[in-house]
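Read-outs: derived from the displayed coordinates by stated rules, not from any lab. Note that this is a predicted model, so its numbers are computed, not measured. Note: ideal-geometry Cβ built from the backbone for every residue, glycine included; neighbour counts use all protein chains shown.
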Amino acid sequence: MTSRFDNHTSSDSAAPVAAARAAAEWLVILSDPECTYEERLDFIAWLRRSNLHVEEFLRVSQLTRELAGSKSWPQDSITGLIEKARAIDSNRVTRLVTATERNNAPRPAGGGPRRIVQRALAASIVLLLLISGVLIAMFDWGSKTYVTNVGEMRSITLEDGSVVDLNTRSRLRARFTAAERDVQLLAGEAIFRVAQNPHRPFRVWSGETEIVAVGTEFNVDAHDTRTVVTVLEGRVRVSNSTRSTSGRSTGSMETAARPIELASGEQAVVAEYNPPRRVPVADTKRATAWTERRLIFEETTLTDVAAEFARYNEKSIHILGEPLASKRITGIFNATDQASFVEFLRTHADVRVHEDAGGWVLQAGPGESAGNRTGGAQ
């Protein structure tokens, strides 16, 4: 079932604000005595859709309760919160269904007075969140955020002893409780060396992709539409939310795909809203070459090559024309020496290079078809 808040999705930087807005609306709906059973089920589905949804709902609940002078929302684990949301006893269900039949007459598409009041209250809560940055930071549930700039790499020791090597232009948020260790890779790439603790699962989230490990070492590369997980040591379990079409008029719905387990030397590619796909890996060192500031390409399109270099350099490479963008590149390059890569391209008769203040512009030259040539450099 598609939730009424499914349209609250945006760019990576806007996602927390959208989630906070949806959380505020849910808080108002659930606090309404007229809240229906179907609305509660929608709320559960919304919680399951993303770890960020749970976190923002906890944050909004905590803030509103603190400002009202009442007891703070309990620090339940994510799993516990969802289980509590699901645990509606049969008598309560009967009462909710009866109330639904009695009180929920058909409403205009735009919503009646109740919906108008709900939206106004939700907007007030969101405004309070936006202007109360200090208060929000106070109730961040102990999460810590780590960021790397262009060309920067960091090695971070988390509070449980796990070590994270963070690649350039990456952003990571860690939130630990007594029962769980949750990390969100919001952007970029990282290697995780997880301290063993079988009673305290270590979870890494990249968008809708979840990676669970107990004691292991693995690399996660987060892209806009896919995540690549490479296991260097031990085992991990990888799952993802998928979209399927139901027979209902509500259209698409999101469900958790069957997870797969990866052993050392294995890799999974997880495309957005698709189940994890296991792929063969000839050499895991290729996935971690970035730790030595090396980029290894094998039949990689020039578009993807340019995107990788952009993570390490201020200047960028712009490609004009689809044939040139599809040109395949094979070779090993210095990640921070983009100029050498461009000089390598100058040796190709099918590529013309123009340099400007922002970087380089590539156009197809008069030589061999750009889509058919393969280049390489060591």
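Here are a few things to note about the model shown:
- Qualifying chymotrypsin sites (Phe, Trp or Tyr not before Pro) in region 292-373, where qualification requires a DSSP coil assignment and no more than 10 other C-beta atoms within 10 Å, are lacking entirely.
- Value of relative contact order over region 172-241, rounded to a whole percent, pairs C-alpha under 8 Å and six or more apart: 27 percent
- Under 5 Å, built H, 5+ apart or other chain: amide partners of Ala195: Ser162, Val163
- Close amide H pairs (under 5 Å, H built 1.01 Å from N) link Leu232 with Glu217, Phe218, Asn219, Gly265, residues at least 5 positions away or on another chain.
- Packing here is the average count of other Cβ atoms within 10 Å per residue, and on that basis the peptides 180-187, 196-203, highest first, run 180-187, 196-203.
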